1. Let's see if you can work this out: charge +1 on each Lys and Arg Cβ, -1 on each Asp and Glu Cβ, no other charges. What is the dipole magnitude of segment 68-126 about its Cα centre, in debye to the nearest 20?
2. When the helix-only estimate is applied to the chain (DSSP H runs of n ≥ 4, each -39,500 (n - 2.57), divided by the residue count), what is the mean residue ellipticity at 222 nm, nearest 500 deg cm²/dmol?
3. Give me a comma-separated list of calculated 3J(HN,Hα) values for segment 24-34, in order, Karplus coefficients 6.51, -1.76, 1.60 applied at θ = phi - 60°, integers in Hz, x for any Gly or Pro.
4. For the chain, give me the percentage of DSSP beta bridges that are antiparallel, rounded to the nearest 5 percent.
5. How much length, in nm to one decimal, is gained on full extension between ILE6 and PHE69, taken as 0.36 nm per residue of separation minus their Cα-Cα distance?
6. Let me make sure I get this right: for segment 68-126, a, b and c are the square roots of the gyration tensor eigenvalues over alpha carbons, sorted descending. Under 1.5 in a/c it's rounded, otherwise prolate if a/b > b/c, else oblate. Which is it?
7. Answer with one residue from PRO9, ASN47, THR33: the one whose Cα lies farthest towards the positive end of the charge dipole of segment 1-59, charges on Cβ with Lys, Arg +1 and Asp, Glu -1.
8. Explain nothing, just the number: relative contact order of the chain, from Cα pairs under 8 Å at least 6 residues apart, as a whole percent.
Amino acid sequence: MSITHINLPVVDLNASEKFYNDVLGFETVMCFTETDDPNDVCKIVMNYNGFDFFLERSEENMAHKMPLFHIGLKVKPNEMDKFAKRLISHGIDIGEGPVENPPHSNTYRFYFEDPDGWLIEVYDDI
């Protein structure tokens with residue numbers, strides 16, 4: 001058994017696809033439609049380092065209804081600052097990070113939000 005994907009509900013598929021492609025470097029693999037109209041996209045399948053990531057159109061923003069849910073992205077310790085700077089260059093607020101958390105753990109992390117407010121954690125070690 002393996003975990004193969006996350007299906008994330010989003011209000012604006014185009015904005016979310018652009019964010020995950022341009023800011024995080026995900027790759028769009030395919031799109032699904034609910035009708036025969038190719039412009040009626042309801043789900044976008046993306047890939048990130050071999051992991052499938054689905055964006056599904058939702059009428060309602062679910063991010064604030066699930067406050068503990070988040071997506072974790074692990075980076076190598078020597079890539080943490082570079083990744084943070086990349087996000088900042090796209091106008092993404094990463095708060096005070098990267099910060100050592102928990103204290104004295106030699107583990108660094110920071111958080112930011114996608115266009116719907118889904119929380120994304122970037123960390124370098126567990």
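Each reported figure results from applying straightforward, stated rules to the coordinates on display, with no laboratory input. Because the structure is predicted, anything quoted here is derived from the model rather than measured. A quick note on method: Cβ atoms are made from the backbone with ideal geometry, for glycine too, and the neighbour counts reach across all protein chains shown.
1. Details: 6 positive and 11 negative charges, 48 e Å.
With only Lys, Arg, Asp and Glu charged at Cβ, the dipole is about 220 debye.
2. The helix contribution divided over the chain gives -3500 deg cm²/dmol.
3. So the Karplus estimates, Gly and Pro as x, are 9, x, 6, 10, 6, 9, 6, 10, 10, 10, 8 Hz.
4. 65 percent
5. Numbers: separation 63, 0.36 × 63 = 22.68 nm, distance 1.16 nm.
Difference between extended and current length: 21.5 nm.
6. Details: a/c = 1.86, a/b = 1.31, b/c = 1.42.
The shape class here is oblate.
7. The listed residue farthest towards the positive side: ASN47.
8. Working: 211 pairs, mean separation 30.3, N = 126.
Normalised by residue count, the contact order of the chain is 24 percent.
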